[in-house]
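Asker: One structure, pasted below without further comment.
The values are calculated or read from the model by the stated rules, or taken from the named source; none is laboratory data. Source: prediction; values computed, not measured. Using ideal geometry, Cβ is built from the backbone for each residue, glycine included, and neighbour counts are taken over all protein chains shown.
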Amino acid sequence: MVEQVVEVTVDEQNRIVIPSSLQDRLKLSPGMILVVEEGEKGEIRLRIQAESPPLVDKGGVLVARTKSIGDLMEAIHQGRDRRVLELSRWLE
C-alpha cells in the first residue's frame, strides 16, 4: 500500500487542515474521531479511530455491544480470587 505524505501547517488556534482531496479519498466527515499518536524522534501519526461499538439503552443505562476478547467467567474468578487473597492477608 502506498502512503501519501502531505505537508500541512498549524494555524494560530493550533489546528491543522487536511486537504480536501485527502479528506475525500479517506471519506472523512465532520465529527469523525482522529487519533494522534506520538512516535519516536518527534514524529506524529494521525489515524482514523475505529468505529465505536454501538450503544444500546438497557433500562436507562447505555451498554456497549461488543465481542468478547476472552473468557469473562475466568476473568471474574481470577479477580475475585485476587481480592479474597488480598483481604485474607489484610486480616492476618
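Asker: If you go through segment 41-50 one residue at a time, do you hit one that is among the charged types (D, E, K, R), on the phi < 0 side of the Ramachandran plot and in contact with an Asp or Glu (Cβ under 7 Å, 6 or more places away or on another chain)? Give the derivation first.
Answerer: In the first step, residues of segment 41-50 are kept if they are among the charged types (D, E, K, R); the result is 41, 43, 45, 47.
After this cut, where a residue has to be on the phi < 0 side of the Ramachandran plot as well, the list is 43, 45, 47.
Subsequent filtering for residues that are in contact with an Asp or Glu (Cβ under 7 Å, 6 or more places away or on another chain) retains 45, 47.
The answer is yes, given that some residue of segment 41-50 is among the charged types (D, E, K, R), on the phi < 0 side of the Ramachandran plot and in contact with an Asp or Glu (Cβ under 7 Å, 6 or more places away or on another chain).
Asker: From (1) in a loop (DSSP other than H, G, I, E, B); (2) modelled with pLDDT under 90; (3) of a type outside the set (A, V, I, L, M), pick out the condition that doesn't hold for E74.
Answerer: Against the list (1) in a loop (DSSP other than H, G, I, E, B); (2) modelled with pLDDT under 90; (3) of a type outside the set (A, V, I, L, M), E74 comes up short only on (1).
Asker: Suppose the filter is among the β-branched types (V, I, T) and touching a Lys or Arg at 6+ places or on another chain (Cβ under 8 Å); does V35 pass it?
Answerer: Values: among the β-branched types (V, I, T): yes; touching a Lys or Arg at 6+ places or on another chain (Cβ under 8 Å): yes.
Yes; evaluated as a whole, the condition is true for this residue.
Asker: Give the number of residues within segment 37-53 that are in a loop (DSSP other than H, G, I, E, B) and more than 14 Å from the chain's Cα centre (by Cα).
Answerer: First, pick out the residues of segment 37-53 that are in a loop (DSSP other than H, G, I, E, B): 39, 43, 49-53.
Restricting the remaining residues to those that are more than 14 Å from the chain's Cα centre (by Cα) gives 39, 43.
Matching residues across segment 37-53 total 2.
Asker: Does D57 qualify as being over 30 Å from M32 (Cβ atoms) and of a type in the set (D, E)?
Answerer: Working: over 30 Å from M32 (Cβ atoms): no; of a type in the set (D, E): yes.
No: the conditions fail for D57.
Asker: Could you please find all residues in segment 41-79 being over 30 Å from E7 (Cα atoms) and in contact with a strand residue (DSSP E or B) (Cβ under 9 Å, 6 or more places away or on another chain)?
Answerer: The initial filter retains those residues of segment 41-79 that are over 30 Å from E7 (Cα atoms), namely 53-79.
Residues satisfying the conditions are P53, P54, L55, V56, D57, L62, V63, A64, R65.
Conditions (1) in contact with a helix residue (DSSP H, G or I) (Cβ under 9 Å, 6 or more places away or on another chain); (2) more than 30 Å from L22 (Cα to Cα); (3) among the charged types (D, E, K, R); (4) without any contact (Cβ under 8 Å) to a residue 60 or more places away in the chain, marked per residue:
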residue	(1), (2), (3), (4)
E38	no, no, yes, yes
E43	no, no, yes, yes
S68	no, yes, no, yes
R83	no, yes, yes, yes
R89	no, yes, yes, yes
E92	no, yes, yes, yes
